[in-house]
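Attaching a single structure in structure tokens format; questions to follow.
Read-outs throughout are calculated quantities, based only on the coordinates presented, and are distinct from any laboratory measurement. From a predicted model like this one, the values you see are computed outputs, not experimental measurements. Virtual Cβ from ideal backbone geometry, glycine too; neighbours counted across all protein chains shown.
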Amino acid sequence: MEKIVEAEYREMTDLSEKSIAQLASEANVLWSQMEMIGNIGLSMAAQAGRRLAVIKERLPHGRWEDWCDENLEFSKSKAAKMMKLAEKIEDENSIFSNLETFPDLGISRVWALLSAPEEVAEQIVNDPQTEELTVRELKEEIRRLTDEKRESEQTGREKIKQLEIRTSEIESLKQEKSALEEKLKKEKEKIQKVKTSQSAELEKAVSAAVEKAKEEVKEKVSKESEELKKRYEEAQQIIEKLKHSENKSLAIFKVKADLLQDTFNGCIDSIKEIESQSAEQADKLKAALKQLLTLLLERI
């Protein structure tokens, strides 16, 4: 078998030099030989398929089917199978690249396997029970395994799609999280700026209040100093008058009455100042002052 295959493959290198009539004649002869010698005919079928492929390339577009009807002694479907077998044999990744894989299957089973996906064909060929199957049973098994493969691929595609959707959702959530974190960062910066601004304004307000309090205290102290100075001067004047007065008791009374009047006025001023802060406290002070005045009047 190996010698036949090698000899024929060397012969294939010259196919381009042969005419369509020669190629067709050789394809028909090889087909007949294949039918007679059984499984060994696979290599011949592949060689016939190579020749048919060359013919198809040379024919004008749309002429292939008519040409097959006019020139071949076998059907167009068989021609298609032989060309596909030739194509598979040349593919080193295909299970059909080594014809020794199909020693006992027979040509009909090989034709059935050609229509199956590569993985399904390999699975069936490697199954020891395949040789016991009829061609019909083999076709059913191919159909079943092909359907399972398609369902598995469909399930795989759906899972991949779900995974892509999930990945997209996760990416979207990551982007949303990043956006929220950025927004939170900006809000924190904004709050910090407000706090800094408020702190500066508060510090400024406190400073202004302190300065105002200082000025008020200074003004009050100055006013009280002026008042004390005035009273001191008045007291000095009174003392001078007393030195020259003939009625010292009357002079002393006048001085003490003036002091009493000043003290009373001072109490009234204090009550008015406290009243602006606490009316209740001011009322208590008024009551106390009235009680004191009543006691003083009772002693007269």
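Suppose each label sits 7 Å from its Cα in the direction of the beta carbon; what would the Glu280-Lys218 distance come out to in nanometres?
3.7
What is the distance, in nm, between label points placed 7 Å from the Cα along the Cα-to-Cβ direction at Asn98 and at Arg157?
3.3
How do 147-156, 281-290, 42-51 rank on mean C-beta neighbours within 10 Å, highest first?
42-51, 281-290, 147-156
Compute the length gained on full extension between Glu119 and Ala179: take 0.36 nm times their separation in residues and subtract their Cα-Cα distance, giving the result in nm to one decimal.
16.8 nm
Shape of the range 134-190 from its Cα gyration tensor (a ≥ b ≥ c, root eigenvalues): rounded if a/c is under 1.5, otherwise prolate when a/b > b/c, or oblate?
prolate
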